[in-house]
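I have placed the structure first, in the form of structure tokens, so that the comments after it can refer back to it.
The values are calculated or read from the model by the stated rules, or taken from the named source; none is laboratory data. From a predicted model like this one, the values you see are computed outputs, not experimental measurements. Here the Cβ is made from the backbone with ideal geometry for all residues, glycine too, and neighbour counts use every protein chain on show.
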Amino acid sequence: MWLTEAQFERLYPDAIRGYFDAGQQGQLEGLDGVSLHYRLFLPEGASTLLVLSSGRTESVIKYQELIFELGQKGIAVAALDHRGQGLSGRLTGDSELGFVEDFDHYGADLDHFVQKVVVPLGYARHWLLAHSMGGCISALYLERYPHPFEKVVMTSPMFAINTAPFPLWVARGMARWQSLQDEKRGQPRYVPTAGPYQRRPFENNELSHSTLRFERNLDWLDELPGARLGGPSAQWLNAAFLAMEKAIANAVNIKVPVLVIAAGDDKVVSLAGQRAFVDALPDGRLDIVAGGWHELLLESDDYRLLTLATLWSFFND
């Protein structure tokens, strides 16, 4: 059962929140001693475990509805908060500054999580579901590390980003220049168009058509302010440009079936990058949800239900 917005609103206070709160929380030491937060949801009798790799700024708390739905279908979920965001350890003195030295650090963390936490659970099947930045991270991970995953789905994966109002070459040059200056200063800074976390009104968003799901996520961040993240640093952006190129260049090394579900009206990432990645895969498929915005897993019913039906059919084919 995939939930409609009305069902989500009705079931959230008791059933959904109760299922989420009953999940097992854990901490794992990642690369360079960074503390990595994760949660496990292990329904009785499950034989399949899905690993969730979320997007920039995100935490497992954002996917309570999806985790509940999967649990009702008998699917276990293991979700990791990437370094520097969610409830994982932060990497700079400003806890709201998006920062990473190298996207390979994300990939190493994911491998550590899979080998130390996921594999020992002993499930018969493993699936990987990745969103946005989590898609780029997952690609780098799949290209480099041995893994247990039989199938992979990426929603709105980040293989090229919308750099408006700047042309791509300008944005890349600015990110590179500022990251070098920040390194000399010993102090990372936000890119010029970004700043600390601010609660954004639904009316100004380009992520989801669903008022309920969009604002529910903001309510969770009000409840857990330690999970908030603001804009990216120049170092994060420079590392992202390098990682996206690398992920596409090395996609030939991914030997499992991959489905990319693209949002037709995505304002955050580029369809061209997603096409380039899929074209480079040995076994890749691209589906487009016409009219959908970036956060397909938190979209309004018309887009979200189609996304979920598509990924469920792919996983179970």
Search result, residues across region 285-300 that are buried (at least 18 other Cβ atoms within 10 Å of the Cβ) and of a type outside the set (A, V, I, L, M): 292, 293, 294, 295, 299, 300
Subset of region 3-59 (residues that are on the phi > 0 side of the Ramachandran plot and in contact with a helix residue (DSSP H, G or I) (Cβ under 8 Å, 6 or more places away or on another chain)): 32
Residue check, residue 8 surrounded by 17 or more Cβ atoms within 10 Å (Cβ to Cβ), under 19 Å from the mean Cα position of the chain (by Cα) and not small (Gly, Ala, Ser): no
2 or more residues within 18 Å of residue 304 (Cβ to Cβ): qualifying helices (runs of 4 or more DSSP H) within region 1-101: 5-11, 64-72
Hits in region 32-49 - residues which are in contact with a Lys or Arg (Cβ under 8 Å, 6 or more places away or on another chain) and surrounded by 13 or more Cβ atoms within 10 Å (Cβ to Cβ): 34, 36, 48, 49
Selection status of residue 168, hydrophobic (A, V, I, L, M, F, W, C) and modelled with pLDDT of 95 or more: no
Boolean, residue 53 is under 29 Å from residue 230 (Cβ atoms), buried (at least 23 other Cβ atoms within 10 Å of the Cβ) and either at pLDDT 95 or above or among the small types (Gly, Ala, Ser) (or both): yes
Contacts under 7 angstrom Cβ, first residue in region 75-93 being at positive phi, partner of a type in the set (D, E, K, R), 6 or more apart: 84/90; 86/58
Top-ranked residue in region 163-196 [being surrounded by 12 or more Cβ atoms within 10 Å (Cβ to Cβ) and of a type in the set (A, V, I, L, M); ranked as farthest from residue 245 (Cα to Cα)]: 194
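Please state which one of 71, 45, 107 is within 19 Å of the chain's Cα centre (by Cα) and either within 26 Å of residue 316 (Cβ to Cβ) or modelled with pLDDT of 95 or more (or both).
Testing whether each residue is within 19 Å of the chain's Cα centre (by Cα) and either within 26 Å of residue 316 (Cβ to Cβ) or modelled with pLDDT of 95 or more (or both) leaves just 107.
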Residue tally, condition part of a helix (DSSP H, G or I) and either over 15 Å from residue 257 (Cα atoms) or charged (D, E, K, R) (or both), over region 275-311: 15
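How do the helices (runs of 4 or more DSSP H) wholly within region 114-230 filter down when requiring 3 or more residues that are more than 25 Å from residue 87 (Cβ to Cβ), free of Cβ contacts under 8 Å to residues at least 60 places away in the same chain and among the hydrophobic types (A, V, I, L, M, F, W, C): which remain?
168-185
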Hits in region 235-270 - residues which are among the polar types (S, T, N, Q) and surrounded by 18 or more Cβ atoms within 10 Å (Cβ to Cβ): 235, 238, 270
Filter result (closer than 21 Å to residue 158 by Cβ and among the basic types (Lys, Arg)) within region 28-61: 56
Residues of region 128-162 satisfying the condition of being touching a Gly at 6+ places or on another chain (Cβ under 6 Å), among the aromatic types (Phe, Trp, Tyr) and over 12 Å from residue 241 (Cα atoms): 141
